[in-house]
Amino acid sequence: MKRVELFTDGACSGNPGAGGWAAILRYGTREKELCGGDANTTNNRMELTAVIQGLATLNEKCEVHITTDSQYVVNGIEKGWAASWKRNGWRKADKKPALNADLWDKLLSLIALHEVTFHWVHGHQGHPENERCDTLAVAQYQQIKSTQ
């Protein structure tokens, strides 16, 4: 099974506001950068989208090591929150609707196709790939804002 590294970040100017996401995929010595944005979104949606878009590019089952600075994403998966929300009809323990259910559902489906491990890093602390993803994500929302 191929071992792939996936580095991700999301950014938002305003929350909600213009947002951007970025992902770097690394397989051996090959790298691929992906990025995009949305004119009206939230930071958490961009963090989720970055992971989803990275995983969606894989066309076979892989061992994927995901590095992100989003505790929201890591905890949502590793603590089982998203799986629990799904089992409960996208309701949290307090019976309120889970936010971003559409994206969590996509992420859970994609994770099921691979062997995934999450690694959390502090944002803006000099991690090279996290910094690169942040730069790409910010550039995406700045581009959106410049056309509004």
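Every number here is computed from the coordinates shown, using simple stated rules; none is lab data. The structure displayed is predicted, hence computed values, not measured ones. Here the Cβ is made from the backbone with ideal geometry for all residues, glycine too, and neighbour counts use every protein chain on show.
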### Query
Does LEU136 count as surrounded by 16 or more Cβ atoms within 10 Å (Cβ to Cβ), within 16 Å of LEU6 (Cβ to Cβ), of a type in the set (A, V, I, L, M) and within 13 Å of the chain's Cα centre (by Cα)?
no
### Query
Of everything in segment 53-64 that's buried (at least 23 other Cβ atoms within 10 Å of the Cβ) and touching a helix residue (DSSP H, G or I) at 6+ places or on another chain (Cβ under 8 Å), which residue is nearest to GLU115 (Cα to Cα)?
VAL64
### Task
Mind listing whichever residues of segment 117-134 are of a type outside the set (Asp, Glu) and in contact (Cβ under 8 Å) with a residue 60 or more places away in the chain?
GLY123, HIS127, ASN130, ARG132, CYS133
#### Entry: Candidates GLY76, GLY89, GLY126, filtered to the one that is more than 23 Å from TYR27 (Cα to Cα), small (Gly, Ala, Ser) and part of a loop (DSSP other than H, G, I, E, B)
GLY89
## Note on the structure
Considering segment 11-50, residues that are touching a Pro at 6+ places or on another chain (Cβ under 8 Å) and assigned to a strand (DSSP E or B), and then whichever is surrounded by the fewest Cβ atoms within 10 Å (Cβ to Cβ), we arrive at ASN40
### Query
When SER84 is evaluated against the numbered criteria (1) loosely packed, with under 12 Cβ neighbours inside 10 Å; (2) within 30 Å of MET1 (Cβ to Cβ), which criterion, by number, is the only one it fails?
(1)
### Hits in segment 65-81 (condition: buried (at least 21 other Cβ atoms within 10 Å of the Cβ) and within 18 Å of ALA112 (Cβ to Cβ))
ILE66, VAL73, GLY76
#### Entry: Of all residues making up segment 51-71, the number that are in contact with an Asp or Glu (Cβ under 9 Å, 6 or more places away or on another chain) and either more than 18 Å from TYR141 (Cβ to Cβ) or assigned to a strand (DSSP E or B) (or both)
8
